[in-house]
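Chemist: If you scroll down you'll find the structure; I have some questions about it.
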Amino acid sequence: MDCVFCREDGGDVLWQDDALRVVLADEHDYPGFCRVIWNTHVAEFSDLTETERDRVMRAVYAVERAMRRILQPVKVNLASLGNQVPHVHWHVIPRFSNDAHFPLPIWAPRQRTVSEALLSQRRAQATLLRDAVRHEIELSLG
């Protein structure tokens with residue numbers, strides 16, 4: 001099977017270990033959009049052991065904490081869809097009241113156009129996530 005998460009990292013790797021990785025996704029309208037990706041083919045969260053589930057959720061928690069500290073979004077959306085890849089993964093998405101889709105999900109119809117200047121400012125902030133994510137994961141995963 002040709003698996004995008006086996007073939008590619010899925011974004012700019014902010015942190016990784018043998019079990020999972022945290023990537024900064026390339027989502028034009030959503031600077032700071034991260035994914036926590038289980039490295040091996042496990043399609044369903046319930047197929048992970050209790051210890052593995054705990055590890056994934058501690059990583060999601062750490063990413064959300066880093067995101068809130070650095071980007072200060074009005075809301076953070078968490079989603080686990082995975083309809084097209086056999087890897088448990090969580091989307092951790094910073095939301096702002098003036099983003100392209102707010103208050104609807106990012107996969108809903110666009111509500112407004114966001115200026116490139118504002119997106120560039122958010123991209124600059126998102127570059128600070130690497131150190132913040134690493135710090136929060138060290139606190140959460142040890």
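Chemist: State yes or no: is Val92 surrounded by 14 or more Cβ atoms within 10 Å (Cβ to Cβ) and either touching a Phe, Trp or Tyr at 6+ places or on another chain (Cβ under 7 Å) or in a strand (DSSP E or B) (or both)?
Modeler: It is true that Val92 is surrounded by 14 or more Cβ atoms within 10 Å (Cβ to Cβ) and either touching a Phe, Trp or Tyr at 6+ places or on another chain (Cβ under 7 Å) or in a strand (DSSP E or B) (or both).
Chemist: Among (1) in contact with a strand residue (DSSP E or B) (Cβ under 8 Å, 6 or more places away or on another chain); (2) at pLDDT 95 or above; (3) surrounded by fewer than 16 Cβ atoms within 10 Å (Cβ to Cβ), which single condition is Asp18 missing?
Modeler: (1)
Chemist: Kindly list, by first and then second residue, each pair from a residue in region 62-78 that is touching a residue at least 40 places away in the same chain (Cβ under 8 Å) and more than 17 Å from Leu20 (Cα to Cα) to a residue that is surrounded by fewer than 19 Cβ atoms within 10 Å (Cβ to Cβ) and among the β-branched types (Val, Ile, Thr), limited to pairs with Cβ atoms under 8 Å and residues at least 6 apart or on different chains.
Modeler: Met67/Val76
Chemist: Mind checking which residues of region 120-135 are of a type outside the set (D, E, K, R), under 18 Å from Arg68 (Cβ atoms) and without any contact (Cβ under 8 Å) to a residue 24 or more places away in the chain?
Modeler: Scanning region 120-135 gives Gln121, Ala124, Thr127.
Chemist: Right, next: Being within 19 Å of Arg58 (Cβ to Cβ) and touching a Lys or Arg at 6+ places or on another chain (Cβ under 8 Å) is the filter here; which residues of region 74-93 pass it?
Modeler: Val76, Asn77, His89, Trp90, His91, Val92
Chemist: Pull up region 109-120, narrow it to residues that are of a type in the set (A, V, I, L, M) and over 18 Å from the mean Cα position of the chain (by Cα), then point me to the one that is farthest from Asn77 (Cα to Cα).
Modeler: Ala117
Chemist: Thr51 passes all but one of (1) under 19 Å from Ala126 (Cα atoms); (2) among the β-branched types (Val, Ile, Thr); (3) out of contact with any His (no Cβ under 8 Å at 6 or more places or on another chain); which number fails?
Modeler: Just one mismatch for Thr51, condition (1).
Chemist: Taking Gly32, is it on the phi > 0 side of the Ramachandran plot, under 16 Å from the mean Cα position of the chain (by Cα) and modelled with pLDDT under 95?
Modeler: Taking the combined requirement at face value, the residue does not satisfy it.
Chemist: I would also like to ask the following. Please state which of the following conditions Val63 fails to meet, knowing it meets all the rest: (1) of a type in the set (Val, Ile, Thr); (2) exposed (fewer than 13 other Cβ atoms within 10 Å of the Cβ); (3) under 21 Å from Trp15 (Cβ atoms).
Modeler: If we test Val63 against (1) of a type in the set (Val, Ile, Thr); (2) exposed (fewer than 13 other Cβ atoms within 10 Å of the Cβ); (3) under 21 Å from Trp15 (Cβ atoms), just (2) comes out false.
Chemist: Further question on the same structure: Pull up region 103-119, narrow it to residues that are hydrophobic (A, V, I, L, M, F, W, C) and free of Cβ contacts under 8 Å to residues at least 24 places away in the same chain, then point me to the one that is farthest from Ile70 (Cα to Cα).
Modeler: Residue satisfying both the conditions and the ranking: Ala108.
Chemist: Could you list all residues from region 14-38 that are outside any loop (DSSP other than H, G, I, E, B) and under 26 Å from His101 (Cα atoms)?
Modeler: Leu14, Val22, Val23, Leu24, Cys34, Arg35, Val36, Ile37
Chemist: So how many residues does region 54-78 have that are part of a helix (DSSP H, G or I) and either farther than 30 Å from Gln125 by Cα or of a type in the set (A, V, I, L, M) (or both)?
Modeler: The qualifying residues number 10.
The values are calculated or read from the model by the stated rules, or taken from the named source; none is laboratory data. The structure displayed is predicted, hence computed values, not measured ones. Neighbour counts are summed over all protein chains in view; Cβ atoms, including those assigned to glycine, are modelled from backbone coordinates with ideal geometry.
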